[in-house]
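Read through the structure below, which is laid out as structure tokens, and then see the notes.
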Amino acid sequence: MPVADTSQHVSGVAERYASSLFELALEEGVVPAVTADLDRFQAMLDESDDLKRFVHSPVFSADEQVGAIQALATKAGFGAYVTNFLKLVASNRRLFALPGMIKAFRIIAAKHRGEISAEVTSAHALTQAQEDELKAALKGVTGKDVAIAVTVDPSILGGLIVKVGSRQIDTSLRTKLSTLKLALKEVG
């Protein structure tokens, strides 16, 4: 069964890695644990500029990246599947593609559960109640259960940006201010 067929844009490299990890996790019955570890890693990336720089920097050798990832995974208490996956990605010099791999994994896992996947960008972390309310609202619109992946981006100032498939709903304050600024330029 082709598990990597996604309607959302993800790079081929990211999709191949994510698909391989998902197939292994599915075979071993550890999809929820792998998903939780990947979500925790994404949260660490969102919260740490140093980790972001490390993941995207080409100046570290593969050995240095593998060593740092091993230490990080051990400290975070990641399971063997995610730890080995992260080490493989580091040894192949593909750490820069990790966010895309995590995104692809979420899409594949959601599709396997019969859900659709939504990417949500928020200026601050959402509470569980806010996430539940958003899932309910999206289910009302789409008619399907929705798995959401929240990314925190303070630069949007407020509101949300929600991507479901090829549709995007942008209620961010940054966009509203840009629209207002443009409207004011046209008036003056």
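The values are calculated or read from the model by the stated rules, or taken from the named source; none is laboratory data. Not measured: the values here are computed from a predicted model. Glycine also receives a Cβ, built like all others from the backbone with ideal geometry; neighbour counts cover every protein chain displayed. The accessibility values were calculated without ligands, DNA or RNA, using every heavy atom of the protein model including side chains. Shrake-Rupley method; radii C 1.70, N 1.55, O 1.52, S 1.80 Å.
Evaluate the stretch 175-184: report whether one residue or more is buried (at least 19 other Cβ atoms within 10 Å of the Cβ) and closer than 29 Å to residue 15 by Cβ.
No - not one qualifying residue is present in the stretch 175-184.
Count, please, the residues in the stretch 105-115 that happen to be assigned to a helix (DSSP H, G or I) and at pLDDT below 90. Spell out how you get there, then give the answer.
Of the residues in the stretch 105-115, the ones assigned to a helix (DSSP H, G or I) are 105-112.
Subset that is at pLDDT below 90: 106-107, 110-111.
Looking only at that region, the number is 4.
Scan (1) without any contact (Cβ under 8 Å) to a residue 24 or more places away in the chain; (2) part of a helix (DSSP H, G or I); (3) open to solvent by 20 Å² or more (accessible area, probe 1.4 Å) for the single condition residue 72 breaks and write down its number.
Only one criterion is unmet by residue 72, namely (1).
Scan the stretch 82-102 for residues that are part of a helix (DSSP H, G or I), open to solvent by 40 Å² or more (accessible area, probe 1.4 Å) and either touching a Lys or Arg at 6+ places or on another chain (Cβ under 6 Å) or over 12 Å from residue 41 (Cβ atoms) (or both) and jot them down.
Scanning the stretch 82-102 gives 84, 87, 88, 91, 96.
I need the full set of residues from the stretch 126-145 which are at pLDDT below 90 and open to solvent by less than 30 Å² (accessible area, probe 1.4 Å), in order please.
none
State all residues of the stretch 116-143 that are within 15 Å of residue 163 (Cβ to Cβ) and either in a helix (DSSP H, G or I) or basic (Lys, Arg) (or both); if no residue qualifies, say none.
Answer for the stretch 116-143, where residues must be within 15 Å of residue 163 (Cβ to Cβ) and either in a helix (DSSP H, G or I) or basic (Lys, Arg) (or both): 134, 135, 137, 138, 141, 142.
Among (1) in the same structural domain as residue 22 (by the TED database); (2) open to solvent by less than 20 Å² (accessible area, probe 1.4 Å), where does residue 123 come up short?
The failed condition is (1).
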